[in-house]
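The structure appears below as structure tokens.
Every number in this text was worked out from the coordinates using simple rules, so none of it is lab data. This structure is a prediction, so every number in the text was calculated from the model and none was measured. We place every Cβ from the backbone using ideal geometry, glycine too, and count neighbours over all the protein chains shown.
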Amino acid sequence: MTSLSHVPPRRVLFVSYLFPPTGGVGVHRVSKFVKYLPESDWNSSVLTVSNASVPLHDASLVRDIPAGTLIRRAKTYEPGYALKAAVSGSKQDARQKNHLKDKLIRVVKNGVRQVANTLLQPDAQILWHPNAYREGMKLLADTPHDAIVATGPPFSSFLLGAKLSRKTGLPLILDYRDEWDISNEYWENKGHGRFANLIQTRQQASVVRRANLILATTPSSAAAIEEFARRHGSRAKVSYVYNGFDSDDYPPISKQSQHRLSAPDEKFRLAFIGTLWNLNSIEPVVNALLKISREQPILAGSIELFLAGRRTPDQDAILDRLEQTPVTVVRYPFVSHDEAIEMMRSADALLMLNSQLPKTQRIINAKTFEYMAAQRPMFVVAPRGDVWDIVSDLPGTTLCWPNDIDDIAEKLLLLVELHRCGEHFSGAVWDIARFERRELTRQLARFLDETVEADLLFRGCLQGNRLTSMPLLERPGQSP
């Protein structure tokens, strides 16, 4: 009899449009799962795009991918990101609205976006499907797999994963890095009408009915997705696996950062590392800094607002309001993951933002967990919700409502005064081990084991029922 220790590892196929060397925070979830799953006797294959139409690239992330990972890259027919950006809205559009030529250009851009948003459902990445499906089927035919995990956004990856699952009979796991409806409501240049929303509701209903397991990234998000799934006839199990941080990414703190944090004569650095857009607007903090500048200009002069990452034109325009104030504003573009970590660790406080908008209380930005690993005080400006629940007990955390500008200004001034007095945050006990990527991947592996075992049990019962003419059992998770 074969010993359990010699049972070969299982294999999962990740269907993920975003994958290294594509950059940005959305890449880390799958790449870290792929990195650590072998420790739980799961090997990974990845179906991804060869010519991703994205704004960010970070080649350093490739180092996380184990040598034995099977990667299939399929070409997409999307236009390049530069062309996408050319037809998007811009700050220049808004400033030149009185010129006839610019008005005509805006009309043409809006028309192109509207046509694209209507025809390409659920997103432009649907143009990846023809080649991706062929590559996925070749991979599944060449190498035995036990499960498929489709991760989104883009949510067209869910449609692709469901199609591969139907064709092969493999159990399907949907990994919602963001909620479908929240993404549609707030993403740049979406502008979906009733027709598109109707189509996408049907698309989402179809994939959740196909799924054996649905994962979200927060408890509240899982509850909202489960409500949608049950309403549309899905029997899939619904749970969540948080985003997290990889301790391997945090070497000993550099001498430069140590010097900054031990020098009270340095300006108080409030740092935001990541993408700024309408879902995590900088506006409440800017309004608080304007208030401080008017009422206490000397203290305002000791504040440095440090930003690194992609920013929408609207967010840059909001930051421009600080140009005539004593506050120092430092803006960096997107930086590599290694550089971002160094910037986090040199901050006196790290700024975490969620806008006061419907449903945002269910969001925990993936960057929040990397802030934890940097072990710097967090200045949180967000509606009360899941993010408050996981950070409120961490050392040095300050919590503010986005709509309470006076409170934001008051609490920020308190931190500045403590900094000026030479009182610095010290390394207290950080209870964050449950957010380690290694531990979170173990959770995923347990979900995968349970899903595959339930599917195998169903297949065995199905075969037995055929032999005994007993009524067929329903497939676990999936609807008929």
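Per-structure values
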item: In order through the range 364-380: 3J(HN,Hα) via Karplus (6.51 cos²θ - 1.76 cosθ + 1.60), integer Hz, x for Gly, Pro; result: 10, 4, 4, 5, 4, 6, 6, 4, 4, 5, 5, 6, 10, x, 9, 9, 9
item: Qualifying aspartates and glutamates (Cα of each under 13 Å from Cα of Lys291; at least 8 residues distant if same chain); result: Glu283, Asp404, Asp406, Asp407, Glu410
item: Coil-residue GluC sites (Glu not before Pro) of the range 323-378, DSSP, other Cβ within 10 Å capped at 15; result: Glu323
item: Note, ³J(HN,Hα) from phi for the range 292-302, Karplus 6.51, -1.76, 1.60, rounded to Hz, x at Gly and Pro; result: 4, 4, 6, 8, 9, x, 5, 5, 4, x, 9
item: In Å, descending, principal axis extents of the Cα set of the range 305-352; result: 31, 23, 16
item: Sequence of Lys367, Lys75 once ranked by neighbouring C-beta atoms within 10 Å, starting from the fewest; result: Lys75, Lys367
item: Cβ-based exposure ranking for Lys138, Lys267, in which fewest neighbours within 10 Å come first; result: Lys138, Lys267
item: Rg to Rh quotient for the range 317-467, alpha carbon positions, Kirkwood Rh; result: 1.16
item: Shape of the range 247-420, Cα gyration tensor, a/c cut at 1.5; result: rounded
item: Residue exposure sequence - Phe19, Phe14 - by fewest surrounding Cβ within 10 Å; result: Phe19, Phe14
item: Centroid-to-centroid separation of the range 347-405 and the range 1-69 [C-alpha atoms, Å]; result: 29 Å
item: Karplus-derived 3J(HN,Hα), 6.51/-1.76/1.60, for each residue of the range 222-228, Hz, glycine and proline x; result: 4, 5, 5, 5, 5, 4, 4
